[in-house]
Amino acid sequence: MQTDLRRFRWLGTRTPPSDRRRLVVITGARQTGKTTLARELYPDLRYLNLDAIEERETVRSLRTAAWGKTVGPALIDEAQKEPGVFDKVKYAYDDGAVRFSVLLGSSRVLLLRQVRESLAGRAFVYELWPLTLSEVSSPAGTMPPQPLFDRLITAPEDFAHVLSAEPPRLLGEEGAAQAEAFDHLAAWGGMPELLSLDDKERRDWLRSYQQTFVERDLADLGRVSDLLPFRKLQRLAMLRTSELLHYAELARDAGLGTATVRRYLEYLRLSYQVILLPPYSANLTSATIKTPKIHWMDLGLLRQETGYAGELTGTLFESLVVAEARKWVDTLGRDTPLSFYRTRNGREVDLLVTTPRGPIGIEIKNRARVVRRDASALRALGDALGDQWVGGLVVHRGEDIVDLGGAIWAVPAQRLFG
């Protein structure tokens, strides 16, 4: 694994240049690289870090009318630490004294609340997730090619053509880099800082990250008075990754009320820790379930908190694939909702990506070889959807892309997202 921390970040292809009239908000989990990316994109902006008490006091004491001349276009880190900064930036922007500024923050709920209250209609919000497989596998500082996943969801009419044009197996450095990046995400997750550390340092970093998240992000929310029940709920949620989310059962095991469990899970979602994947909403049949599935976003954090250091299990592999899909569609702003499909008799498709033309179904199998029966749920769903159906993928741990017939293909996970 390359140890250079500099990585191409796909989000940088969407953010506007500083010569536009624009207010930019970049949020995301702690330590995903927001500051690094923003300072690379906007090196000419004045940098203010409101994590520092002195900076907060200076900003607080500055008269609103003086913001444009005194601060001007700026990159403001941890902006949610000083709520008054939003009104001052708004005043300068509306007055024409400032045409461009960037606000960063890792406390999503507080930052976006301030944006809604002060910068509504003015700010463009972007979310920076942990590193994608594509970003990890690319040489430091270089732009990787468009992943196969994106080519499929942006041109679904060419589904079979795109897949048939791919070489069945990647050899040489490119294939090795993708496999190595996949192994890193499976073992350590996607936090950029971990790339430069050895294994012991990575474990220490993840332990410190978890402690910082609990002590600082939850303190920012100010709604969790006792951290021990929250930590217990968090660990139980990790152990249920890739499972249907039953609030009452989780509340019973955690010794908490159902309302408290719902509130804690919402905090985990808002802080980019979990994905609550909804069931497919099309009314194919009344036999489909209405319960969401829970997926943990970063396997490095999950492994650290649960103490699991073993081989990649089926549930962990499923969450890794779902997380890669979520990172990609959110980062690139793709209008492709994610869901899953499950009937009451247990027939399930792990992930559906709903493109403008129709759904692409994805079955996730934690093994190196795929056989035709692995696509049986996809075929049944394709029959039910009829003309709406684009095609299906069986995502696996092997190396080969294989045509399984009937617009269904077996694709290695690292090829899909690398």
Margin query: Can you confirm whether Ile360 is at pLDDT 95 or above, open to solvent by less than 10 Å² (accessible area, probe 1.4 Å) and farther than 20 Å from Tyr272 by Cα?
Written below: yes
Note to self: Out of everything in region 398-418 that is open to solvent by less than 10 Å² (accessible area, probe 1.4 Å) and among the β-branched types (Val, Ile, Thr), what residue ends up being nearest to Ile364 (Cα to Cα)?
What the structure shows: Val411
Next item on the list: Kindly check whether there is at least one residue in region 154-177 that is at negative phi, under 21 Å from the mean Cα position of the chain (by Cα) and either assigned to a strand (DSSP E or B) or without any contact (Cβ under 8 Å) to a residue 24 or more places away in the chain (or both).
Entry: no
Next item on the list: For region 233-271, name all the residues that are in contact with a strand residue (DSSP E or B) (Cβ under 9 Å, 6 or more places away or on another chain), surrounded by fewer than 21 Cβ atoms within 10 Å (Cβ to Cβ) and touching a residue at least 40 places away in the same chain (Cβ under 8 Å).
Entry: Arg240, Glu243, Leu244, Leu245
Notebook entry, point to check: Just to be sure, is Lys365 at pLDDT 95 or above, of a type in the set (D, E, K, R), under 25 Å from Val136 (Cα atoms) and open to solvent by 30 Å² or more (accessible area, probe 1.4 Å)?
Noted result: yes
Next item on the list: Specify which of the listed residues (Leu11, Leu50, Leu45) is without any contact (Cβ under 8 Å) to a residue 60 or more places away in the chain, surrounded by 20 or more Cβ atoms within 10 Å (Cβ to Cβ) and not β-branched (Val, Ile, Thr).
Entry: Leu50
Check: Residues in region 54-74: is at least one over 30 Å from Gln414 (Cα atoms), out of contact with any Lys or Arg (no Cβ under 8 Å at 6 or more places or on another chain), in contact (Cβ under 8 Å) with a residue 12 or more places away in the chain and in a loop (DSSP other than H, G, I, E, B)?
Finding: no
Item checked: region 378-391 residues that are farther than 16 Å from Thr355 by Cα and modelled with pLDDT of 95 or more, paired with ones that are surrounded by 21 or more Cβ atoms within 10 Å (Cβ to Cβ) and acidic (Asp, Glu) (beta carbon under 7 Å, 6 or more apart) -> Leu378/Glu363
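The values are calculated or read from the model by the stated rules, or taken from the named source; none is laboratory data. No experiment lies behind these values; they were computed from the predicted model shown. Note that each Cβ is placed from the backbone with ideal geometry, even for glycine, and that neighbours are counted across all protein chains shown. Please note that ligands, DNA and RNA were not included when accessible areas were found on the heavy atoms of the full protein model with its side chains. Shrake-Rupley method; radii C 1.70, N 1.55, O 1.52, S 1.80 Å.
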